[in-house]
Structures are given as C-alpha cells and as structure tokens.
1. Can you give the accessible area of residue 201, probe radius 1.4 Å, in Å² rounded to 10?
2. Using a cut-off of 16 Å between alpha-carbon atoms, which aspartates and glutamates can reach residue 168, once sequence neighbours fewer than 8 places away in the same chain are excluded?
3. Within region 70-152, report the trypsin sites (Lys or Arg not before Pro) that DSSP leaves as loop and that have at most 15 other Cβ atoms within 10 Å.
4. Give the accessible area for residue 70 in Å² (nearest 10); use a 1.4 Å probe, count only protein heavy atoms, and leave out ligands, DNA and RNA.
5. Rolling a 1.4 angstrom probe over the protein chains, ignoring ligands and nucleic acids, what is the accessible area of residue 237 in square angstrom, nearest 10?
6. Run the numbers for residue 13 and residue 101: contour at 0.36 nm per residue of separation, minus the present Cα-Cα distance, in nm.
7. Arrange the residues 65, 35 by how much accessible surface each exposes, largest first, with a 1.4 angstrom probe.
8. Quick one: accessible area per residue over region 1-102, 1.4 Å probe, rounded to a whole number of Å²?
Amino acid sequence: MPALSETIAALFERAATEPKAEGTVQRGLNLKARIVNGQRQLLLSRPDMQPSDVEVTTCAKHGGIAAYTVSHAGRWQLILEATDLCDHTPGFSGSGDAKGEYFYYGSCSTCHARWRRTVPKRGKGDTFTYNGQQVEEWQLALLSKRGPKADRATESDGELELHEFLEKTIVRQQLDSQPVVDTAPALTGQVCGTCRNGLPTQYPNEVECQLGWDAHDKQPKGYDQKTKKAVPVHLPHGSLALPILTPGHRCVTDRWLPA
C-alpha cells in the first residue's frame, strides 16, 4: 500500500479534474477529496464509527494541510483547509532569551503574520505558536512558508507587547549593524560599475550584485540551543532577490573582480 502522503496527494490530483476522488487506506479508513472554489477538503469516514481526532491530524499532516477547521458527525470528520492564505515573504526574525526560556521568531513582511518557537532552558517541551495560536511543530514548518494572514484580534495583550518588543529590537539591531560609511576616496576600479559581479539593471544608474545578500550582510552566525550548532542569520530584504547598488558603490564583499 502506498504511503499516506502519496495517497492523499494522488486524491487531490484527481480531484482537480474530477468532482470527487475516493480511496481507502489502512484499517478501513475511507478518504474522499474534493476542491471547492480553490479550497481543499478531505472527508474521513468509516461505516460503523467516527474516525478519531488522531486520524484527522495525521491525514492533515500527510496531506500538507497546516491550517484547517473540522466539522463532523457520527461516522465522518471533514477537514476544510483554511482560506485567505499568504505565500510568506521573510520579514523580521531573530532569537533571544528570557527568564527560563530561549525563543526564535520570524514574520512575514507582506501579511505581518508572526511565528515563534520557545525552548525551555531546563527540561523538554518546545512550544510553537503562529499568530498567537499554539500549533504543532509540523504545522509551523508549513505555516512559516504559507499560512493565514495575521489577525491581531486573536492575540492577548502579552502577545502584542512581545511582538512590538521583538520588532523594535530587531530594527535596532539592524541599525547598529549597518557598516560605517567610508568617506575616503574610493580606490581606483574597486567600485560596482567596474566589477564583474555587478551587472546593470533595466534602470539607469543601477547595478545588481550577483554575489547575493549573504555576501553583503556580513551577519554573525546564530546559535541553535537545541542542536548546539551554528545557524545562519539573515536580514529581511522583502522581495528584493539581489542587492541593488549604484555603479559608484565601493565593494564591501572582499570578492571584487575586475571587469
């Protein structure tokens, strides 16, 4: 029997062209998939009893449905994928520690959704939140890429205060990390207009550095308290794929190549 994730993916693939796609998985659980106005719906049913809540979360997980609501009756449960989702653009993110815990946070610069992972300094039991609501780790992995837009109304006063504090902190850190402007005359040739990495864009007096943001940000590496390994720290750049500079901008990457 194929894996559950493969079965559900195949059902939704068929549902894209058929009114309804149906299949049976292990232990007699029947699945029916359909797509209504772009919303994925997955019906779980049994002939004699209601599918369990564990089966609902398992099917949602393997179906890649991170945000959803559930309706049910005596012999079925229906998973309805949440609507009004956003393909997130990385916004402010970082890490810190508070009394008794470490936390790692991120956000979307488009819809202002926020997510956070909290790790206790003693013991186990990491917690994961998305827009102030607690979620499972597998859900956060999906929601941090694509999920419902932010709804401040669902957050407590404490969550709002924490969000404002984190936003102010990361902005201050970004300002403090800005390189000092060198007012001395630029060395002959070591400017973006004469470097092979800086290619002209469609706009006048503008070049695009092919080295990317990692070479320009020069950010220190973060530290994952759980894995005890260094992790990269990235500044938010919205939808800007590569650094945009003026042709006379002095090279700051130490990887300048003459044209």
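1. Solvent-accessible area, nearest 10 Å²: 40 Å².
2. By straight Cα distance, residue 168 reaches 97, 159, 176.
3. Loop-located and lightly packed - 75, 99, 121, 122, 124, 145, 149.
4. Surface open to solvent at residue 70 totals about 60 Å².
5. Near enough 50 Å² of accessible area.
6. 27.4 nm
7. My answer, sorted largest first, is 35, 65.
8. 57
The values are calculated or read from the model by the stated rules, or taken from the named source; none is laboratory data. It should be emphasised that the depicted structure is a prediction, and the values quoted were computed from it without experimental measurement. We place every Cβ from the backbone using ideal geometry, glycine too, and count neighbours over all the protein chains shown. Each accessible area value is taken on the protein alone, full model and side chains, heavy atoms only, with ligands, DNA and RNA left out. Shrake-Rupley method; radii C 1.70, N 1.55, O 1.52, S 1.80 Å.
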